[in-house]
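The values are calculated or read from the model by the stated rules, or taken from the named source; none is laboratory data. Fair warning: this is a prediction, and the values are worked out from it, not measured in the lab. Cβ placement follows ideal geometry from the backbone for every residue including glycine, while neighbour counts extend to all protein chains displayed. Ligands, DNA and RNA are excluded from the accessible area calculation, which covers all protein heavy atoms including side chains. Shrake-Rupley method; radii C 1.70, N 1.55, O 1.52, S 1.80 Å.
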Amino acid sequence: MTTTYILRGVRPLGGEPADVVLSGERITHVGAPGTGGAAAGGGAASAPSSGTGPDRGADAGAGVVEIDGGDRLVLLPGLVDLHTHLREPGREDAETVWSGTRAAAAGGFTAVHAMANTTPTQDTAGVVEQVWRLGKDAGWVDVRPVGAVTVGLGGERLAELGAMADSAAGVRVFSDDGKCVHDPVLMRRALEYVKAFDGVVAQHAQEPRLTEGAQMNEGVVSAEIGLAGWPAVAEESIIARDVLLAEHVGSRLHVCHLSTARSVEIVRWAKSRGVDVTAEVTPHHLLLTDERARSYDARFKVNPPLRTREDVEAVREGLADGTIDVVATDHAPHPVEDKDCEWAAAAFGMTGLETALSVVQQVMVDTGRMTWADVARVLSAAPARIGRIDAGPGAHGRPVAVGEPANVTLVDPAASRTVRGTEQVTASGNTPLEGMELPGTVVATFLRGRATVLDGVPVDGAIATEGVPA
Amino acid sequence: MRHLLSTADLAKDDAILLLDTAAQMAATQAREMKKLPTLRGRTVVNLFYEDSTRTRISFETAAKRLSADVINFSAKGSSVSKGESLKDTALTLHAMGADAVVVRHQASGAPHMLAHAGWLDAAVLNAGDGMHQHPTQALLDAFTIRRHLVGGGSDAGTEGTDLAGLRVAIVGDVLHSRVARSNVRLLHTLGARVTLVAPPTLLPVGVETWPCEVSYHLDETIERAKPDAVMMLRVQRERMSGGAGGAFFPSAQEYSRKFGLGSRRLARLPGHAIVMHPGPMNRGLEISADAADHARSVIVEQVANGIAVRMAALYLLLAGNDAGAGSVPNERTSL
Amino acid sequence: MSPSIALPGNGPGESPRGTTVLEAPDIARALTRIAHEITERNKGAADVVLLGIPTRGVPLARRLAGRLAEIEPTYDTGAVGELDVTMYRDDLRRHPTRAVGATRIPGSVDGRTVVLVDDVLFSGRTIRAALDALNDVGRPRAVQLAALVDRGHRELPIRADYVGKNLPTSRSERISVHLTETDGEDSVTISEYVAGAGSADGGDVAGRPPAGGEEGAR
């Protein structure tokens, strides 16, 4: 018994208001305002809907819930994160698959790619299947494990990429994220090898010798506050090498979290040559600069490091003009003790699942640089396509159209909230946005027609009772 | 002044007050009876995560001359990888009622965290943090420069004066040096003109924004800038190896030839110029024995002045009440 | 920083800041008398070292030295110095940090007679600090105290050997000493303590302000 949801007066991709009906696992109706009730079977047509925002009290018939969008709420395809650290197995003190995917749903996501740097590493079919199954059992979003490129992220031997691809987890994205596949031969082989199953290597671009002991972006701020510098060229030189390698062997390359102006230029150049390269930027690199390090607050310590104002402007420009394909969170939860200490001793990383959409709205939409359709592209369609989860019965990153899987998220762009690490759904509080007021809240998220978030709150009971769609 | 973390935080008036107070402290240290009752009942903790017997003894002497109780808390061996210990130690010191914590730490920013993380409410004196700052070293250097180049060898008549117009060359491993960073800021604040002299490998990216000039050639600097004071920085021998983060210069011999201060370069300095070194020296590498022991060397005096400057800092941080300083906000309890 | 100067037209006893109790000629006469008393008591001034307590004790000590030299032409007017007591005060933690003043001792005090010179004697705590400070400087044969004004309210067993003027006051009043060297004119005034203008306890525990001689604000 699944619930039918009538979304009245919502704006698909920020366009004209419409009524959208989710029934079964699909979108069954997209039509003019007022048409939703009839489309849902008439049962809810006369149901009162007052005010704006979701109104669960308007349950007018068995299994029918109405949500009033007030002609304001924006309906987006469910967000897809290409870069999430769920920490399980190994660091369940920071995050579990359950808590991390619940945070993802709260942030509007319906699918996440779980990075491979767990303990044990996701470098075998067994481990990726374990993570995949944990995701399935949790039921908040679809979890697509990322496979390690090299055994134990060691950078020496290729992991069994084919076995992971063939496993139940169906791995298509491979990455040693956290570590760079710096050996050029190994990188070449990986790029070539994954062609056999339409995989992609997602490179964490960091030349290791240039970044030994590095703590923050190398520049004016690092020079002054005495933290070891992390040169932009350590990222750019690897990206330059990799796009040339990808061109040479005709493979698909994805660049993780690019952060510098010249990285954007290199990717732009590579794309102009027809290299099959995609690139992502994180919300924090779209918003924050290395000036934050002056506080020595390790919540601003991240890999790659926060860069300069010029770099931030360049990645915004790259995202707007399509050079950068994807916004990915690099959600990296850490327990308090790994952050509440000296900068040099602190762990790299920051949470992002619950704030990514708001940051993109603030930086790109509210400034007029992108439309909500662009947001759907960079936070849903493109990452789904890169991860190869954009086809099939439960596909992600699809248009908001009749017959498509009901993976959608409903956003209130007019709302705002103040970020508090302790109030986040993720198990860790290490947000760099502590105390900041951000625009936009996720009102509801639907995974194949089932509400994972309603009224902005994860629907905890629903999963146990409704189970997980096959 | 609630903490002394960085010379970048010192306005010119603050800096001059520190130097003037140090002059009065130095005068008391010329007496037979050197101990003052000023900080009776106050507790100063020397929290040293890094070996530095000289700095610790200097702070300890300063605190004891002011009658403060001194607790030496050597955290040596606590590596930075056990970062949590800083917080726990801070909470312990807070519970013990420390009034001031003098902290030396290999991690840049550790004193800043002690001062601002809400772990304790003591005054924090930075005794050197990583590659960041060592403010009392810069203050004692400025004090020494003022005494010799403004006061003609005596503090009398220097009260209220700055270092306007004086030229100071700081030579050596600027990249890794908290002494250089502290001095550039403070000497600039006091009106001196600073030239950093180092091979390009030992200068940080971003140095071009510092309020100083930069030169790759010591001889040229001596000829053109005619420095009134030359400050030689310690160069660690491991910097020349090709290993992790190394290969900054080819050999000790080449470094010494191009950047060392020996009798030949000493002879070409202006006649009144003084030679300084924060210690400990590598005789034969950045400074020759001739230069180190020369009449124009004030290196030994720097050590004595360190006590007066640290007495001044402790006095100014601890002698008054906390009016205006307010309590430390517990800004990170939300974590 | 400098205090307002009494405007012409105000009556001799009334100024905007209170009642004038000593004017320049009164101060001059008081200092001359003290100088005579010092030479009488010490059977000459040969071994006398005058140490002024900053701020206004210092010019007073210099003036006394000049008068001693008038009485005894052989008196060395260089035998005058200043003794900063800041670091010996018992009330440092009750007030914002004070600047440390200079201590200048003419030669040695060992075996000589030190006359401490201060503008106002109140609680006695400043003199207590001065005695401690002096103890660290040397070992005089004897220590005596000269004060331009003794306003009473002693909190310690201390009394002045030489007093320019005894001024019975209430604790709520403030005494302000103005000297030409520091304030541009010579006068002593008395006024009501203004709430918030000085220490709440009204005691001589707060040391002196940088200028203005508003003793009640100590």
**Message:** Once R0 is set to 22 Å, what does the formula 1/(1 + (r/R0)^6) return for the Cβ-Cβ distance between A:Ala32 and A:Thr371, expressed as a FRET efficiency to the nearest 0.05?
**Reply:** 0.55
**Fill in**
In degrees rounded to 10, the 0-90 angle between helix A:261-272 Cα long axis and the longest Cα principal axis of chain A is 70
**Request:** Would you mind pulling out the separation of the Cα centroids of the stretch B:255-312 and the stretch A:168-235, in Å?
**Result:** 45
**Request:** Take every Cα-Cα pair in the protein assembly as shown and report what % of them are more than 45 Å apart.
**Result:** 49
**Message:** Can you tell me the orientation of helix A:232-249 relative to chain A, as the angle in degrees between its alpha-carbon axis and the longest Cα principal axis, to the nearest 10?
**Reply:** 80
**Total accessible area lost when B and A pair, probe 1.4 Å, Å² to nearest 100** = 2300
**Message:** For chain B, what does the helix formula give at 222 nm: sum of -39500 (n - 2.57) over DSSP H segments with n ≥ 4, over the residue count, nearest 500 deg cm²/dmol?
**Reply:** -11000 deg cm²/dmol
**Request:** Take the Cα of C:Arg33, step 7 Å along the line toward its Cβ, and report every residue of the stretch C:142-167 whose backbone nitrogen sits under 17 Å from that point.
**Result:** C:145-152, C:160-167
**Fill in**
To the nearest Å², the heavy-atom accessible area per residue of the stretch B:135-299 with 1.4 Å probe amounts to 37
**Request:** Heavy atoms only, probe 1.4 Å: what % of the accessible area of the protein assembly as shown goes to carbon and sulfur, would you let me know?
**Result:** 51
**Request:** Within the stretch C:31-66, find all residues whose amide N lies under 12 Å from a label point positioned 7 Å from the Cα of C:Thr77 along Cα-to-beta-carbon.
**Result:** C:62-66
**Prompt:** Which shape class applies to the stretch C:24-168: rounded if a/c is under 1.5, otherwise prolate when a/b exceeds b/c and oblate if not, where a ≥ b ≥ c are the square roots of the Cα gyration tensor eigenvalues?
**Reply:** oblate
**Message:** Helix-only estimate, please: 222 nm mean residue ellipticity of chain A, summing -39500 (n - 2.57) across DSSP H runs of length 4 or more and dividing by its residues, to the nearest 500.
**Reply:** -7000 deg cm²/dmol
**Asked** Quick one: which of C:36-47, A:133-144 comes out on top by average Cβ neighbours within 10 Å, and what's the full order, highest first?
**Response** A:133-144, C:36-47
**Message:** Given a Förster distance of 25 Å, report the FRET efficiency between B:Glu223 and B:Lys258 from their Cβ-Cβ distance, rounded to the nearest 0.05.
**Reply:** 0.95
**Prompt:** Averaged over peptide B:312-320, how many Cβ atoms belonging to another chain are found within 10 Å of each residue's Cβ?
**Reply:** 4
**Prompt:** Of the peptides A:92-100, C:65-73, how do they stack up when ordered by the mean number of other Cβ atoms within 10 Å, highest first?
**Reply:** A:92-100, C:65-73
**Percent of beta bridges antiparallel (DSSP, the stretch C:57-157, rounded to nearest 5)** = 10
**Complete:** As straight-line cross-link partners of A:Lys339, the qualifying lysines (C-alpha separation under 23 Å, not fewer than 8 residues apart within one chain) are A:Lys179, A:Lys301, B:Lys76, B:Lys82, B:Lys87
**Prompt:** By how many degrees, between 0 and 90 and to the nearest 10, does the Cα long axis of helix B:299-318 differ from the longest principal axis of chain B?
**Reply:** 30
**Message:** Suppose we compare each residue of the stretch C:60-99 in its chain alone and in the full protein complex with a 1.4 Å probe; which ones drop by at least 50 Å² of accessible area?
**Reply:** C:Met87, C:Tyr88, C:Leu92, C:Arg93, C:Thr97
**Request:** Find the accessible area per residue for the stretch C:24-168; the probe is 1.4 Å, ligands and nucleic acids are left out, and the unit is Å².
**Result:** 40
**Message:** For the stretch A:78-386, what does the accessible surface come to per residue with a 1.4 Å probe? Please give it in Å².
**Reply:** 29
**Message:** In square angstrom and rounded to 100, what buried accessible area do you get between chains C and B, total over both, with the probe at 1.4 Å?
**Reply:** 1500
**Message:** For a Förster distance of 35 Å, can you work out the FRET efficiency between the beta-carbons of C:Arg93 and A:Thr422, rounded to the nearest 0.05?
**Reply:** 0.40
**Item:** Shielded by partner chains, the stretch A:340-362 residues - at least 50 Å² of accessible area, 1.4 Å probe, vs chain alone
**Value:** A:Asp340, A:Glu342
**Prompt:** Where a ≥ b ≥ c are the square roots of the eigenvalues of the C-alpha gyration tensor, would you call the stretch A:269-413 rounded, which needs a/c under 1.5, or, failing that, prolate if a/b is larger than b/c, or oblate?
**Reply:** prolate
